[in-house]
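These notes concern the structure reproduced below.
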Amino acid sequence: MKGLKIVVLAKQVPDTRNVGKDAMKADGTVNRAALPAIFNPEDLNALEQALRLKDTIEGTTVHVLTMGPGRAAEIIREAMYRGADGGYLLSDRAFAGSDTLATSYALSCALRNLEYDLIICGRQAIDGDTAQVGPQVAEKLALPQVTYAEDIQKCDGKIVTIKRRLERGIEVVTCPMPCVVTVNGSAAPCRPRNARFVMKYKNAKGTQEAQDANEDYFALVNERPYLKLTEWSVNDIQSNPADLGLSGSPTKVKNIESVVFQAKEAKVLSGTDAELDAMMKELITNHTIG
Amino acid sequence: MNSVFVYCEIEEGTVADVSLELLTKGRALATKLGVKLEAIVLGEGLKDVEKQVFPYGVDVLWVGDDARLAPYTTLPHTKMLVRLFDAEKPQVALMGATSVGRDLGPRVSSALHSGLTADCTSLEIGEYTDAKSGKKYENLLYQIRPAFGGNIVATIVNPECRPQMATVREGVMKKEIFNLQHQGEVKKLNVDEYLDDTDLVVKVIERHMEKSKVNIKAAPIIVAGGYGVGSKENFNLLYELAAVLGGEVGASRAAVDAGFCEHERQIGQTGTTVRPKLYIACGISGQIQHTAGMEESSMVIAINTDANAPINKFADYVITGDLNVVIPKMIQYYKKNSK
Ligand SMILES: Cc1cc2nc3c(=O)[nH]c(=O)nc-3n(C[C@H](O)[C@H](O)[C@H](O)COP(=O)(O)OP(=O)(O)OC[C@H]3O[C@@H](n4cnc5c(N)ncnc54)[C@H](O)[C@@H]3O)c2cc1C
Ligand SMILES: Cc1cc2nc3c(=O)[nH]c(=O)nc-3n(C[C@H](O)[C@H](O)[C@H](O)COP(=O)(O)OP(=O)(O)OC[C@H]3O[C@@H](n4cnc5c(N)ncnc54)[C@H](O)[C@@H]3O)c2cc1C
């Protein structure tokens, strides 16, 4: 069987699972700077599924595609430490303010630059929490999709057999390639970094990161071209500008309220009617209930 | 005028609870907007399915009954919905935030180039002024949803594109009969006109579904009871609170061991780990084996007669009092004041 070309879509996200008090600014907006940026957890599960195919099907390559700011090149390095062959960072102000539709449009345009048999995403990103990007990328590329994948069980070069974990059960489906697969958190965890790859790739940089690099880096890149990570701006993909960023996003955020802020100071009530009524009113107002 | 549409999920001939909840919400929205409520059911063997949905106030039911539509697969359902929405141009389209709805919704929204808001906890009608253009929009759907791991609540609107699409989880909206006598119109879809072989490339070769059972893991609100609840009968109070709030009942091990509640509902180290939006601990002392299973809840209310119960350290609201007094008051307030 011929090796597969696999592209993993991965997103750098703020670690919303460890939100402390300083995660919210006084005006109630999210203070992204106070949250560590991590590899979206389910995208690591996706990467593992890709690496397993690489382990079993000779000649298979795994590349990561990520859209984000310059520092998101970290995601590509992290994937290479675990066995990915390389990656692409799609980064441009033109993509700012994208909702899921504009995000998936930009990603699908970038994917048209690449060859692929399989596109593997995480099910859901922990910041936007929508789980919409995978299916929308599939639709934009007119590919079939398999969501909630727990295990890519088999691949004969033309057809993949995939076990899906649904809310109330499991399903095994077959799907012709190329296709888009979104991987569930219940799938196998990602393998750890490989020390050899860490040594090899730790100096790899994206274009924006390289702006601050010193001469040693450029000397090194001359010898080892793989230390230069590919970065694409809006000019490197074919797209309709009106479908990108804010203008390409049908959904608009009308307003945002923070929930943690008022929450973590405990209020002590003795159970009088007035106190309980006030509490219930608060819970309804901040949409915790109702 | 353009209708409100609800995509109804069906499993073994029964319309899913989440869909009935959305019909209830959809009915209220349609009435407010002065338009029809329409529903669509796709599957196989759907005889008499209208009897299940008309009592919820459906004016028009679209039925696609064909072997190719069951079990659910993405492409055939997407194609039917995209074509129907293209023709009927609904202003609002709702579906469950389930493994079906979250597979289907984004695909449909992408094909129609319409916005989709995931996992809404509240849907309202309101106006919106675009900050840049100053353009004013009336009667938009406010799609209110938590994001950022539940740390923020965003109100999202969809000013220009139609339909305004949203998904909602099971148990978030209330299910309520609109009128047992309500009669709508059934419109049959000719499935052959929609589907061809290219829609059937994904094949389900194995399928094991469990009947819907308690799923405390997915519940946005959990009312948990401990040994302090005192008896199986007293647990009914917790079920009542959970029902009005749209949540599930959980329990400590001491309550399960005492036979107040079934083991499926046990939370903690040797039970389930849960991360609901709201956890109401009633008569639970808060031993570490219990709190290990609930400490990641976004908000905790502790109701305990002991002002120094360890559970209070995890709580956002500490209510020092008898649960038999406090819970009925909460139910009463909520019934009176919720929309
Ligand atoms: C408070 C808030 C609420 C929002 N609500 C909505 C909403 O309801 N509807 C909406 O359309 N948009 C919404 N957005 C915008 C949305 O978060 C962004 O469009 C985001 O870029 C993609 O959505 P997600 O994080 O939900 O990703 P998901 O759809 O959950 O991601 C699924 C998978 O797609 C891949 N992927 C996603 N983003 C990238 C990327 N940048 N690079 C590479 N791979 C990627 C990953 O594999 C990921 O696991 C919201 C944003 C905020 C801040
Ligand atoms: C290996 C191991 C594993 C375990 N795993 C679990 C587990 O998975 N889950 C779990 O829950 N436990 C587990 N336990 C047991 C745990 O240690 C506690 O014994 C148990 O959680 C106590 O349950 P409780 O809080 O309901 O009961 P109690 O500790 O008896 O507390 C009852 C509480 O109710 C209050 N109360 C009494 N009457 C009222 C009233 N009328 N109104 C309001 N409050 C009232 C009391 O003040 C008291 O705080 C485990 C223990 C071990 C050793």
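Of the conditions (1) open to solvent by 30 Å² or more (accessible area, probe 1.4 Å); (2) facing chain A (nearest Cβ under 9 Å); (3) of a type in the set (D, E, K, R), residue B:145 satisfies every one except a single condition; which number is it?
It is condition (1) that residue B:145 fails.
Please work out if residue B:70 is open to solvent by 10 Å² or more (accessible area, probe 1.4 Å), out of contact with any strand residue (DSSP E or B) (no Cβ under 7 Å at 6 or more places or on another chain) and farther than 15 Å from residue B:26 by Cβ. Don't jump to the end; show me each part of the working.
Details: open to solvent by 10 Å² or more (accessible area, probe 1.4 Å): yes; out of contact with any strand residue (DSSP E or B) (no Cβ under 7 Å at 6 or more places or on another chain): no; farther than 15 Å from residue B:26 by Cβ: yes.
For residue B:70, the condition - open to solvent by 10 Å² or more (accessible area, probe 1.4 Å), out of contact with any strand residue (DSSP E or B) (no Cβ under 7 Å at 6 or more places or on another chain) and farther than 15 Å from residue B:26 by Cβ - is not met.
Out of everything in region B:285-326 that is surrounded by fewer than 23 Cβ atoms within 10 Å (Cβ to Cβ), more than 28 Å from residue B:151 (Cβ to Cβ) and in contact (Cβ under 8 Å) with a residue 40 or more places away in the chain, what residue ends up being farthest from the other protein chains (Cβ to nearest Cβ)?
This residue is B:285.
Any idea how many residues of region B:155-177 are surrounded by fewer than 18 Cβ atoms within 10 Å (Cβ to Cβ), farther than 15 Å from residue B:137 by Cα and either of a type in the set (A, V, I, L, M, F, W, C) or not assigned by TED's automatic domain parsing to the domain that holds residue B:100 (or both)?
Selection size over region B:155-177: 1.
Taking the stated definitions as given, is residue B:128 among the hydroxyl-bearing types (Ser, Thr, Tyr) and facing another protein chain (nearest Cβ under 9 Å)? I'd like the intermediate steps shown before the answer.
Details: among the hydroxyl-bearing types (Ser, Thr, Tyr): yes; facing another protein chain (nearest Cβ under 9 Å): yes.
Against the criterion (among the hydroxyl-bearing types (Ser, Thr, Tyr) and facing another protein chain (nearest Cβ under 9 Å)), residue B:128 qualifies.
Test residue B:272 against the criterion of being more than 13 Å from chain A (Cβ to nearest Cβ), polar (S, T, N, Q) and under 27 Å from residue B:168 (Cβ atoms), and give yes or no.
For residue B:272, the condition - more than 13 Å from chain A (Cβ to nearest Cβ), polar (S, T, N, Q) and under 27 Å from residue B:168 (Cβ atoms) - is met.
Restricting attention to region B:104-112, does a residue exist that is modelled with pLDDT of 95 or more, surrounded by 24 or more Cβ atoms within 10 Å (Cβ to Cβ) and in contact with a Lys or Arg (Cβ under 7 Å, 6 or more places away or on another chain)?
The answer is yes; a qualifying residue exists.
Residue under question is residue A:76, and the condition is that it be within 14 Å of another protein chain (Cβ to nearest Cβ) and under 24 Å from residue A:199 (Cβ atoms); does it hold? Write out each step before concluding.
Numbers: within 14 Å of another protein chain (Cβ to nearest Cβ): no; under 24 Å from residue A:199 (Cβ atoms): yes.
Considered against the rule, which asks whether it is within 14 Å of another protein chain (Cβ to nearest Cβ) and under 24 Å from residue A:199 (Cβ atoms), residue A:76 comes out as no.
Only one residue in B:29, B:33, B:94 is at pLDDT 95 or above and open to solvent by 20 Å² or more (accessible area, probe 1.4 Å). Which one?
Working: B:29 fails: open to solvent by 20 Å² or more (accessible area, probe 1.4 Å); B:94 fails: open to solvent by 20 Å² or more (accessible area, probe 1.4 Å).
Checking each option against the conditions leaves just B:33.
Touching a residue at least 12 places away in the same chain (Cβ under 8 Å), closer than 18 Å to residue B:99 by Cα and surrounded by fewer than 18 Cβ atoms within 10 Å (Cβ to Cβ): is that true of residue B:76 in this structure?
No.
Is there a residue being open to solvent by 50 Å² or more (accessible area, probe 1.4 Å), in a loop (DSSP other than H, G, I, E, B) and in contact with a Phe, Trp or Tyr (Cβ under 9 Å, 6 or more places away or on another chain) anywhere in region A:221-239?
We begin by selecting, within region A:221-239, every residue open to solvent by 50 Å² or more (accessible area, probe 1.4 Å); these are A:222-226, A:228, A:230, A:235-236, A:238.
If we keep only those that are in a loop (DSSP other than H, G, I, E, B) as well, we get A:224, A:238.
Now drop any that are not in contact with a Phe, Trp or Tyr (Cβ under 9 Å, 6 or more places away or on another chain), which leaves none.
Within region A:221-239, not a single residue is open to solvent by 50 Å² or more (accessible area, probe 1.4 Å), in a loop (DSSP other than H, G, I, E, B) and in contact with a Phe, Trp or Tyr (Cβ under 9 Å, 6 or more places away or on another chain).
Return the residue satisfying two criteria in turn: it lies in region B:129-177 and is in a strand (DSSP E or B) and basic (Lys, Arg), and of such residues it is farthest from ligand 1 (Cβ to nearest atom).
Among those that are in a strand (DSSP E or B) and basic (Lys, Arg), it is B:136.
Which condition from (1) under 15 Å from the mean Cα position of the chain (by Cα); (2) buried (at least 20 other Cβ atoms within 10 Å of the Cβ) is the one that residue A:146 breaks?
The number of the failed condition is (1).
Every residue in region A:112-138 that is crowded, with 24+ Cβ neighbours inside 10 Å and more than 10 Å from ligand 1 (Cβ to nearest atom), please.
Correct list: A:118, A:138.
The values are calculated or read from the model by the stated rules, or taken from the named source; none is laboratory data. Computed from a predicted model, the values in this text were never measured in an experiment. Quick reminder, even Gly has a Cβ in these numbers, built from the backbone with ideal geometry, and neighbours come from all protein chains shown. Note: areas computed on protein heavy atoms with side chains; ligands, DNA, RNA excluded. Shrake-Rupley method; radii C 1.70, N 1.55, O 1.52, S 1.80 Å.
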